[in-house]
Amino acid sequence: MKEIAGLPQNQSENKKVALVLGGGGARGSYQIGIWKALRELQVKLDIITGTSVGALNGAVILQGDYELAEKMWRELEVNNVVEFELSFKPSNFNEYSEILSKFILTAIKNRGISSKPLLTLIREYIIKESDIRRSGIEFGLTVTEMVSRERQIFYLEDIPNGQLDLYLLASASLYPAMTSTEIEDKLYIDGGYSENVPVDVALKRNPTHLVIADINTNGKVRNYSIPDNVQSYHIKSKWPLGDMLLFDGNRAELNIQLGYLDAMKKFGRYEGSWYTFEKESFREHYAKFYQEVALFLVNSHQHVADYLLDEKNQQFLLEQLNVNWYGRVQKEEITYAFHELTGKMFRLQPTKIYTFDEFENEITAKYKQMTKETTFDDVMAVIQDSNTSDIIKTAKEWQEEFRESIPLLSNLKVCFYFLSVLENDHKNELND
C-alpha cells in the first residue's frame, strides 16, 4: 500500500482517516480545495467532523459530489446565506466599511439577520440525506446551546431522520449576525462559540490519521493533546481567505486553489509555503542556492561579507526572516523563504505551480519594468494584482495595500533602497 507523507491511500481496515473542518463562514471554500487534493491522492475518509461552515462542507463531502460542492461555492453570495442584499462590491476601504457597518446595524436592528436563505441553500445542495447516511463515513457536528452557552456534539446517528438540515443550520447560525435555530424547543447557535475546530469530536472515534482544515478565524480553539499513535496534518493558509461574513464567488475560486495547493504541499507532492514549487525544481534549486550564497560571500566587498558572516548579524537577520515569513526558517526553508518574500512583495500569483526559474523570471521581468518608471505610483502600478481586483478584500488587506502605497513605509521601497546601497557599495549606509 502506498503512502503520501505518511497518509495512507485506499487504507486497510486498521487505518482510519479523519477530516476535521473548522468554522469560518465565507472562508470555508478553502476546505473544498483540501478535499480536492485528498480525492486526487486517493485518500479514503472514514470520519468527518465539522463546526459551522465546516459542518456544511462535511455534509457536502459526504455526498461525494465534488463538482456540486465547487458549483455551490462559486455561485455563493451574501443573499444566499442571509436576508441581506449586497448592492455592490466594495472597491476601496471606505466602501468595505460602509457595507460592513450596514450589515452589523441590520443584524442589531433585527436581532440577527434571517438565515432562511441558508436553509434553502442547504436543502438545495444537500439534497439526499439518505445517501449521506449510507455513505459509510462517520460524521459529527457541533452546536452551542444558546441559553447555557454549552457545546453539544451530535453524530449522524444522533440526528433524527429528516432533520439533518436543521442541525447543519444550527451549527452555522452565527448569532447575533444571524438568527438562532430552534430544534425541539431549544435554541442553538454557531458551534464555533464553544469550539471552532472539533478535533476532539474526531478523536472520540479513534482515528489513526487526522487531517485538520483550519480556516484561521477568531473562534475558540483548544490545544488538544493528540495521542502519539495518531498522525496529524494541520493545514492552514498563510494567505488571507477573505471576510467571514461577505461571501464572494470569485474569492471562493481563489481559496479553493489555495486549499488544494496547501494540502498537496502538506502531503509532499510539492514544496513551498506561501508559494508552490515543483519538487524536481526544488532539488535543483537547493544545491544552486547554497553555491550562489558561497560565491556571493567570496566575490562581494569585504564589508558586506564581514557583516553577513558575523554571528550576531546572522541571528538578527534570521529572527527577522522568521517573523516576516510567519514560520521557522531552517536550512531547507531558507532556500525558498527569500524567494517567497520577494514574490509577495512583487505580488506574484500564489495559485500557480512554479519552477524556480519561472518564479525568478517573473520577478526579474517586473523589476526591469519598475526600473523604467520615474514615480513611485508608476512603480506600484507595475505590480498591481489584476487577478484579485474583483474579490471582496478584508480590512487588513485594504490597510496593507494602503501602507504599501506610502513610499516611506513600503517594503518595496525599502528593498529598492538597500539594493541600491549594495550595488553602489555604500558602506556607511549598509552599516546603518
Run through the DSSP bridge list for the chain and note the antiparallel percent, rounded to the nearest 5. 40 percent
Gaussian network model of the chain, Cα within-10 Å springs - most flexible of 295, 21, 348: 295
Label zone at residue 130, where the point sits 7 Å out along the Cα-to-Cβ direction: the range 142-161 residues whose backbone N lies under 15 Å: 161
For the range 233-294, give the percent of accessible area contributed by carbon and sulfur heavy atoms, probe 1.4 Å, rounded to a whole number. 52 percent
Cα-projected label distance for residue 331 with residue 205, points at 7 Å along beta-carbon direction, nm: 4.1 nm
Distance between modelled label sites at residue 223 and residue 42, nm, 7 Å Cα→Cβ extension: 4.0 nm
Would you work out which of 162, 363, 118 lies farthest towards the positive end of the dipole of the chain, given +1 charges on the beta-carbon of Lys and Arg and -1 on that of Asp and Glu, about the Cα centre? 162
Please work out how much length the chain gains when fully extended from residue 157 to residue 87, using 0.36 nm per residue of separation minus the C-alpha to C-alpha distance, in nm with one decimal. 21.0 nm
Highest-first arrangement of 33-39, 418-424, 75-81, where packing means the average Cβ count within 10 Å: 33-39, 75-81, 418-424
Distance in nm between label sites at residue 75 and residue 324, each 7 Å beyond Cα in the beta-carbon direction? 4.5 nm
In the range 279-355, the GluC sites (Glu not before Pro) that sit in a DSSP loop and have at most 16 other Cβ atoms within 10 Å of their own Cβ are 332
Report the one residue of 72, 45, 56 whose Cα lies farthest in the direction of the positive end of the charge dipole of the range 40-100 (charges on C-beta: Lys and Arg +1, Asp and Glu -1; origin at the Cα centre). 45
Which of 44/396; 236/331; 288/413; 102/413 have a Cα-Cα distance over 31 Å? 44/396; 102/413
Looking at the square roots a ≥ b ≥ c of the eigenvalues of the Cα gyration tensor of the range 108-205, which shape do they give, rounded for a/c under 1.5, prolate if a/b is larger than b/c, or oblate? oblate
Per its Cα gyration tensor (rounded if a/c is under 1.5, else prolate when a/b beats b/c, else oblate), the range 1-140 is best filed as prolate
Based on the mean of other beta carbon atoms within 10 Å per residue, what is the order of 255-265, 353-363, most packed first? 255-265, 353-363
Of the residues 97, 234, 316, the Cα lying farthest along the dipole of the chain towards its positive end, which is defined by charges on the beta carbon of Lys, Arg, Asp and Glu, belongs to 234
Charges only on Cβ, +1 for Lys and Arg, -1 for Asp and Glu: so what's the dipole of the chain about the Cα centre, in debye to the nearest 20? 780 debye
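The values are calculated or read from the model by the stated rules, or taken from the named source; none is laboratory data. On a predicted model such as this, the values are computed, not experimentally measured, just so you know. Cβ coordinates were reconstructed from backbone atoms using ideal geometry, including for glycine residues, and neighbour counts include every protein chain displayed. What goes into the accessible areas is simple: the full protein's heavy atoms, side chains included, and nothing from ligands, DNA or RNA. Shrake-Rupley method; radii C 1.70, N 1.55, O 1.52, S 1.80 Å.
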